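Notes follow once the structure below has been shown.
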Amino acid sequence: MFFSGSTYPSLNKETSNKIVLLPLGAIEQHGLHLPVSTDTDIVTAVATYAESKLPDDILLCPTLAYGSSHHHQAFGGTLSVSPQLYTQLVIEIVESVIKSGFTKIILLNGHGGNITPVKQALSVLSNRYDATINPTIALATYWELAGITFAGEPPMQSPALSHACEYETSLMLHLFPGNVLMEKVQRAARPESNGYIAWEDDEPYRGVTVVKQTEFVSGNGCSGEPQLATKEKGQHLFEHATKALLDFIVSFKNWPTIKKLKP
């Protein structure tokens with residue numbers, strides 16, 4: 001790991017050529033049946049597995065446990081950083097990594113609310129460092145990396161990962177079964193379908209986005225179909241998520257430096 005006990009990476013050439021992997025989580029209410037640490041727990045498990053398989057290629061940072069979750073604050077247990085502050089937080093952490101001599105960085109995301117502020121952070125970092133240090137910084141959200149596995153492919157029965165849903169509940173049953181209370185699972189009340197807006201998972205994305213706070217789209221803070229979750233589905237999802245990440249890291253390691261094309 002990047003910081004493991006009293007051991008710190010020496011900044012020699014071999015070390016600086018490694019990929020720094022920073023997992024991004026969240027602390028937020030996940031219905032009545034999952035812990036508030038669900039997003040952090042899952043993304044940390046995916047990242048730790050990757051490090052165990054590619055220890056010579058990865059320097060694993062401690063997970064940034066708190067995310068941008070203001071939309072969940074009507075439900076108790078949510079600890080959130082505003083989108084603006086989260087953008088700045090990611091900028092400063094990544095700058096610390098760059099100033100330590102690393103130029104290949106993967107931000108492994110485990111929470112949907114982090115995506116927009118992290119993309120903004122990447123824009124700022126690109127503008128600030130491309131002309132000088134020229135790092136390659138990638139945002140990778142684990143369920144998007146795994147593609148169709150997290151979008152309704154059997155054995156999954158609901159259309160896609162959302163929040164405290166069939167997918168996240170299955171992953172937690174596989175990874176941390178003692179932290180899942182299946183007897184408390186309740187399918188949430190949600191807005192009536194209108195054919196265009198995916199209220200978490202019940203419509204395919206058609207290019208239309210409406211942003212609403214969670215209490216307007218879920219009666220109990222969860223979404224999807226958590227009652228369909230099983231540990232076997234969770235193992236299936238975890239295997240695909242970790243394989244997709246490992247495949248990406250192997251590819252990313254061999255990417256040539258992206259050079260300026262304009263003379």
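The values are calculated or read from the model by the stated rules, or taken from the named source; none is laboratory data. Predicted model, so just to flag it, every value in this text is computed and none were measured. In this analysis, Cβ positions are derived from the backbone assuming ideal geometry, glycine residues included, and neighbour counts consider all displayed protein chains. The accessibility values were calculated without ligands, DNA or RNA, using every heavy atom of the protein model including side chains. Shrake-Rupley method; radii C 1.70, N 1.55, O 1.52, S 1.80 Å.
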- Item | Antiparallel DSSP beta bridges within the chain, as percent of all bridges there, nearest 5 | 15 percent
- Task: Calculate what fraction, in whole %, of the accessible area of segment 154-248 sits on carbon and sulfur atoms when a 1.4 Å probe is rolled over the protein chains.
- Result: 54 percent
- Cα convex hull of the chain: how many Å³ per residue? 140 Å³
- At a probe size of 1.4 Å, how large is the accessible area of residue 196, to the nearest 10 Å²? 110 Å²
- Message: Under the 0.36 nm per residue contour assumption, what length would be gained going from the current alpha-carbon distance of residue 231 and residue 262 to full extension?
- Response: 6.0 nm
- Query: If you take the beta carbon distance between residue 16 and residue 123 as r and set R0 to 22 Å, what does 1/(1 + (r/R0)^6) give as a FRET efficiency, to the nearest 0.05?
  - Reply: 0.35
- Message: Could you put 16, 223 in order of accessible surface area, largest first, with the 1.4 Å probe and the full protein assembly present?
- Response: 16, 223
- Task: Enter the accessible area of residue 148 (Å², nearest 10), with the probe set to 1.4 Å and all protein chains included.
- Result: 110 Å²
- Message: If I ignore ligands, DNA and RNA and count only protein heavy atoms, how much of residue 176 is accessible to a 1.4 Å probe, in Å² to the nearest 10?
- Response: 70 Å²
- Message: How tilted is helix 166-175 with respect to the longest principal axis of the chain? Cα atoms for both, answer in degrees (0 to 90, nearest 10).
- Response: 60 degrees
- Item | Length added when fully stretched, residue 239-residue 56, from 0.36 nm per residue minus Cα-Cα | 63.8 nm
- Just from its helices, what would the mean residue ellipticity at 222 nm be for the chain, if runs of 4 or more DSSP H residues each count -39500 (n - 2.57) and the sum is divided by every residue, rounded to the nearest 500 deg cm²/dmol? -11000 deg cm²/dmol
- Query: Counting pairs of alpha carbon atoms under 8 Å apart in space and at least six apart in sequence, what relative contact order in percent does segment 65-177 give?
  - Reply: 21 percent
- Measure nothing fancy, just the Cα-based angle from helix 115-129's long axis to the longest principal axis of the chain, in degrees from 0 to 90, nearest 10. 10 degrees
- Message: Checking the table 18/53; 99/253; 184/231; 18/231; 18/259; 233/253 against a 24 Å threshold on Cα-Cα, which pairs fail?
- Response: 18/231; 233/253
- Query: Between the helical axis of 38-53 and the dominant principal axis of the chain, each derived from Cα atoms, what acute angle in degrees is found, rounded to the nearest 10?
  - Reply: 40 degrees
